[in-house]
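Below is one structure; the comments refer to it alone.
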Amino acid sequence: MKSQDTPFVGGPLDGRVLPVPLGITGHPPKTYRVPVPDAAGGPPTVLVYHRVDAGRGGLLHQLWRYEYAPDADPRRHLKWPWSKPDAPAGGGTPHSADGQSATPPARPRPTDE
């Protein structure tokens, strides 16, 4: 797998140059998530970096760098049209205020008489 040495700007990785794997298009991913293990053994902290243009490195060679995004949601991911929707905040199926299901009941099919 090909990789490209990419500089990181801002955040805990400021000034480091890390090899980032390239996708099938030859570009590094738009968002780079770096899990940092917790010293106390808890869940890891995820640092989020976004790819930005860093100019050209020749006639056709594109250069990139990653900038720290402290307010980005580390759980955010692509949502495809065929993906299942996220679960409601309350869990289970959505209900109206009177406790009934928010989806209308199915209509009976007309029969041929």
Total charge of the residues flanking Asp53 in space, meaning their Cβ is under 13 Å from its Cβ, with Lys and Arg +1 and Asp and Glu -1, is +3
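Could you order Thr25, Thr45 by accessible surface area, starting with the largest, using a probe radius of 1.4 Å? Spell out each step's value before the answer.
On the way: Thr25 105, Thr45 80 Å².
Ranking Thr25, Thr45 by accessible area, largest first, yields Thr25, Thr45.
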How far, in nm, would the chain grow between Lys2 and Arg56 when pulled straight, counting 0.36 nm per residue and subtracting the alpha carbon separation? 17.6 nm
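The values are calculated or read from the model by the stated rules, or taken from the named source; none is laboratory data. Since this is a predicted model, take the numbers as computed values, not measurements. Positions of Cβ are generated from backbone atoms using ideal geometry, with glycine treated the same way; all protein chains shown enter the neighbour counts. Each accessible area value is taken on the protein alone, full model and side chains, heavy atoms only, with ligands, DNA and RNA left out. Shrake-Rupley method; radii C 1.70, N 1.55, O 1.52, S 1.80 Å.
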